[in-house]
Amino acid sequence: MVAKPDASGGRNLKRMTLDFLGRGSLSECIEGIISIPERQVINPLISFLLHKDPIVRWRSVMAIGEVLGRLALRDMESARVIMRRFMWSLNDESGGIGWGAPESMCVSVANSDGIASEYGSIVVSYLDVNGNYLEYEPLQRGLIWGIVYLARNRRDSVLTAKPFLPHYLDSKDSHVRGLATVAVKLLKVKDSMEKLRQLTLDQGEFMSYEDDSVKTFSIRAVASEAIESLE
């Protein structure tokens, strides 16, 4: 059991949050984060989406999803405010990039029935070239990682993503191609078979956050696995 920290007046709040994000395991990290009231900890977590350490960034994503899931149970409107904040950060008019927003939105959808019902379709719309399409490939990486996460943890919320995923198998970005390959495998997008066969010759690699570490995968290996799964 983690003792509830004294974050009165916001003093030391960011330092405490970073300390929890650096704990030995993800479960220990989350246990520490949820000891801080949701409304107090969310802003520091969002700020750490820009941290130089990739594990701190990814743990921030996971912690945001946990925090918003809990917040939605007690105060759905406050959770909506944060989700709209992420959406605004992905809007061209925001003047920003929206780093970590797609991933955080997807993990939040995974952690909450209420958030899933209201924002699951919005998350999928970011894949659609005729919808809220994200043109910037580094943001596409985060979005498709989130689709993969949802395919594993709340599959029903991303079934409508299936028609949009084959487009990303043609991406010039190896990370986008690789993550999309995982997504079509998990969601069993059978009309992607021809593109998957082409990807079995792809020499590229991609990175993905899995089991609390950033791992590197071979596109051609994952494409072969996807074909075997779909046949």
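Just so it is clear, none of the values below were taken in a lab; they were calculated from the coordinates. Because the structure is predicted, anything quoted here is derived from the model rather than measured. FYI the Cβ positions are ideal-geometry reconstructions off the backbone, even for glycines, and counts take in every protein chain you see.
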Task: Note, ³J(HN,Hα) from phi for the range 156-167, Karplus 6.51, -1.76, 1.60, rounded to Hz, x at Gly and Pro - done: 4, 7, 10, 4, 6, 7, 3, x, 8, 6, x, 3
- [ ] Return the sequence-ordered ³J(HN,Hα) values of the range 63-73 in whole Hz as given by the Karplus equation 6.51 cos²θ - 1.76 cosθ + 1.60 applied to θ = phi - 60°, using x for Gly and Pro.
- [x] 5, 4, x, 5, 5, 5, x, 5, 4, 4, 5
Task: Intensity falloff of the chain expressed as log10 I(q)/I(0), Debye formula with alpha-carbon point scatterers, at q = 0.16, 0.17, 0.18 Å⁻¹ - done: -1.09, -1.20, -1.31
- [ ] Report, in degrees rounded to the nearest 10, the 0 to 90 angle that the Cα long axis of helix 137-153 makes with the longest principal axis of the chain.
- [x] 80
Task: the range 10-125, dipole about Cα centre (Lys/Arg Cβ +1, Asp/Glu Cβ -1), debye to the nearest 20 - done: 380
- [ ] Provide M16, M193 in ascending order of the number of other Cβ atoms located within 10 Å of each residue's Cβ, fewest first.
- [x] M193, M16
Task: R39, R177 arranged by Cβ crowding within 10 Å, fewest neighbours leading - done: R39, R177
Open item on the list: Can you give me the angle between helix 113-125 and the longest principal axis of the chain, using Cα atoms only, in degrees from 0 to 90, rounded to the nearest 10?
Closed with: 40
Task: Burial ordering of E28, E194, fewest other beta-carbon atoms within 10 Å first - done: E194, E28
Task: Label-point separation in nm, S47 to D75, each point 7 Å along Cα→Cβ - done: 1.9
TODO: Count the lysine pairs in the chain whose Cα atoms lie under 21 Å apart, taking only pairs 8 or more positions apart in sequence or on different chains.
DONE: 13
Task: Helix-only mean residue ellipticity at 222 nm for the chain, each DSSP H run of n ≥ 4 adding -39500 (n - 2.57), per residue, nearest 500 - done: -18500 deg cm²/dmol
Open item on the list: Can you divide the C-alpha Rg of the range 36-126 by 2.2 N^0.38 Å and report the result to two decimal places?
Closed with: 0.99
Task: the range 185-209 and the range 80-149: distance between their alpha carbon centers, rounded to Å - done: 22
